[in-house]
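The values are calculated or read from the model by the stated rules, or taken from the named source; none is laboratory data. From a predicted model like this one, the values you see are computed outputs, not experimental measurements. Cβ placement follows ideal geometry from the backbone for every residue including glycine, while neighbour counts extend to all protein chains displayed. To get the accessible areas, we keep the full protein, side chains included, count just its heavy atoms, and leave off ligands, DNA and RNA. Shrake-Rupley method; radii C 1.70, N 1.55, O 1.52, S 1.80 Å.
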Amino acid sequence: MTISSLSSYDEMHDADGRTRGAYSGYCEWLQQQPDELLQRKSGEAEAFFRKTGITFNVYGSEDAEERLIPFDMVPRIIDAAQWRRLSRGIEQRVRALNAFLHDLYHRQEIVRAGRLPERVLKGNSAFLPQMAGFVPPGGVYTHIVGIDLVRTGEDDFMVLEDNARTPSGVSYMLENRETMMAMFPELFTKVRVREVSDYPRRLARSLAACAPPAAKGHKPVVAVLTPGTFNSAYYEHAFLADQMGAELVEGSDLRVEDGRIAMRTTRGWEAIDVLYRRVDDDYLDPLTFKADSVLGVAGIMDVYRSGGITIANAPGTGIADDKAIYSFMPEIVEFYTGEKPILANVPTWRCAEVDSLAYVLDNLADLVVKEVHGSGGYGMLIGPTSSREEIETFAHKLRANPDNYIAQPTLSLSTVPIFTEAGLAPRHVDLRPFVLVSPQGIDITPGGLTRVALKEGSLVVNSSQGGGTKDSWVLDD
């Protein structure tokens, strides 16, 4: 995610420099600590992360390597009242996303009603015709959702992105909390912070509740499908499988047996009921998608459509991550819930529209332009920090393929303090709350992953481009 550095809302202090209520308990504790405490604890945290192996892989560059996730020890804090409002907005949005996905793969009433143009679906690689007319077990498409939020004022949170395919980062949310509790146990007796450590148990329960008809009569068997050790998020795949007590499997560990997907175990082949897949749609089934894929299992889509397994998240959910679809989310929320959106979108220009393209081309120096299918902060233009030559080059790309881009204004986003050698300093952040969906309801973990731009003046919070993470606190009443 990229963010602009204009005058920023400070989450810890008001305009007069006074500590805001959410941070009062933390600041009282901090003022009582010796000056060298954070410096010493910073070294301990890095050693802990290195010893535990909390890393991610970076690809696609000459310096591709395995890196530590930079961790900042100053928590990002949200009070209980603010979290209640956020939770209502997140739940509303996730309900709309699931209803939208069901409609897209059935009657497409939103298109018939003229609220969503058919052009955003035609030729969209994230839309899977193989899912047409099929209802996943329990009617759930997005079992795990990550909603990226940015804050621009006291009560102004906006949705930056929806992550409905394979949202990542929850393991870092959990490890950040464990690290904070290990380093500052006394702090958690002073400040009442809501728990996140039970997420793996809640995830396992939520996935089991989405088991297919074939699981009737026994405890559902859950497994996590990983592309393998070289995947950038492999640490998280292994971590979640271990924490849930589920098997971690690769495509080579699976096969179709008696109309089920079975995994190789020391006891022989065992049927899987729910597969939490961390493999993209294209690689799930070489008989249906990419014929040369070795990451999935041949025939899994036939087993899925016959009710022999639940795939979480459902294939085809990636259409909801599309940034062109994102631009229609206010209409989508209202269409399926009958309510105005509680959480606003960032204003967005669709470059596929002639008038919008003209505006964007005239104002490139002031806008952020993103690829419709882009992620991780790649393939985009940040107008205010780009040279004239870079802007002109990007303008050519826009004219050549306008359907591939959307544009947004630069925002004055909130800052939170990070620890530096010179003391506390403000940096921009976003927040990714994690949401579990099952037939039993919607379960929102109180907090999420806060990503932070650690370098002064940096506009990027993505870990692959120099960003770090923080522990996210939601206060109890």
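A few remarks follow.
- In this structure, the amide hydrogen of Gly467, modeled 1.01 Å from its nitrogen in the peptide plane, lies closer than 5 angstrom to those of Asn462, counting only residues at least 5 positions away or on a different chain.
- Segment 57-216: relative contact order in percent, alpha carbon pairs under 8 Å with at least 6 residues between: 17 percent
- For the listed peptides 156-165, 31-40, a ranking on the average number of other beta carbons within 10 Å per residue, highest first, reads 156-165, 31-40.
- For Arg255, the residues 5 or more places off, or on other chains, whose built amide H falls under 5 Å of its own are Ala262.
- Overall, the ratio between the Cα radius of gyration of segment 115-189 and 2.2 N^0.38 Å, rounded to two decimals, is 1.69.
- Per principal axis, descending, Cα span of segment 189-257 in whole Å: 55, 36, 14
- Stokes-Einstein diffusion coefficient of segment 112-255, Kirkwood radius over Cα pairs, 10 °C, 1.306 mPa s, in µm²/s: 84 µm²/s
- Listed residues His428, His13 arranged by accessible area, highest first, probe 1.4 Å: His13, His428
- Computed on the chain, with alpha-carbon pairs under 8 angstrom and 6+ residues apart, the relative contact order is 25 percent.
- Of the solvent-accessible surface of segment 123-273, computed with a 1.4 Å probe and all protein chains present, 48% belongs to carbon and sulfur.
- Rounded Å value of the spacing that divides the Cα centres of segment 341-398 and segment 300-338: 26 Å
- Residue pairs, from the table Lys323/Lys397; Lys370/Lys455; Lys370/Lys397; Lys122/Lys323; Lys122/Lys340, whose Cα atoms sit over 20 Å apart: Lys370/Lys455; Lys122/Lys340
- Only helices enter the 222 nm calculation for the chain: every DSSP H run of n ≥ 4 contributes -39,500 (n - 2.57), and dividing by all residues gives -8000 deg cm²/dmol, rounded to 500.
- Residues with amide H under 5 Å from that of Arg277, placed H, sequence gap 5 or more: Leu225, Ala312, Asn313
- The local environment of Met181, defined by Cβ-Cβ distances under 12 Å, has a net charge of -4 under the rule Lys, Arg +1 and Asp, Glu -1.
- Around Gly43: net Lys/Arg minus Asp/Glu count, Cβ-Cβ under 14 Å: -1
- Length-normalised contact order for segment 225-282 - Cα pairs under 8 Å, 6+ apart - percent: 34 percent
- Sites listed here are chymotrypsin sites (Phe, Trp or Tyr not before Pro) in segment 217-268 whose DSSP assignment is loop and whose Cβ has at most 10 other Cβ atoms within 10 Å: Phe230.
- Of the chymotrypsin sites (Phe, Trp or Tyr not before Pro) in segment 62-154, those whose Cβ has at most 10 other Cβ within 10 Å and which sit in DSSP loop: none
- Peptides 193-200, 216-223 ranked from most to least packed by the mean count of surrounding Cβ atoms within 10 Å: 193-200, 216-223.
- Shown here: percent of Cα pairs over 38 Å apart, derived from the displayed model; of the candidates [x] 25; [y] 44; [z] 22, it corresponds to [x].
- Student exercise, segment 138-292 dipole from Lys, Arg, Asp, Glu Cβ charges, in Debye to nearest 20: 640 debye
- Reference-scaled alpha-carbon Rg (2.2 N^0.38 Å with N residues) for segment 287-340: 1.59
- Environment charge at Val135 (Cβ cut-off 12 Å; Lys +1, Arg +1, Asp -1, Glu -1): 0
- Tail weight of P(r) past 13 Å, computed on alpha-carbon pairs of segment 64-111, percent: 73 percent
- Pairwise inverse Cα distances across segment 211-250, averaged and inverted, put the Kirkwood hydrodynamic radius at 11.1 Å.
- Shown here for segment 301-385: chymotrypsin sites (Phe, Trp or Tyr not before Pro) in loop regions (DSSP other than H, G, I, E, B) with at most 15 other Cβ atoms within 10 Å, namely Tyr378.
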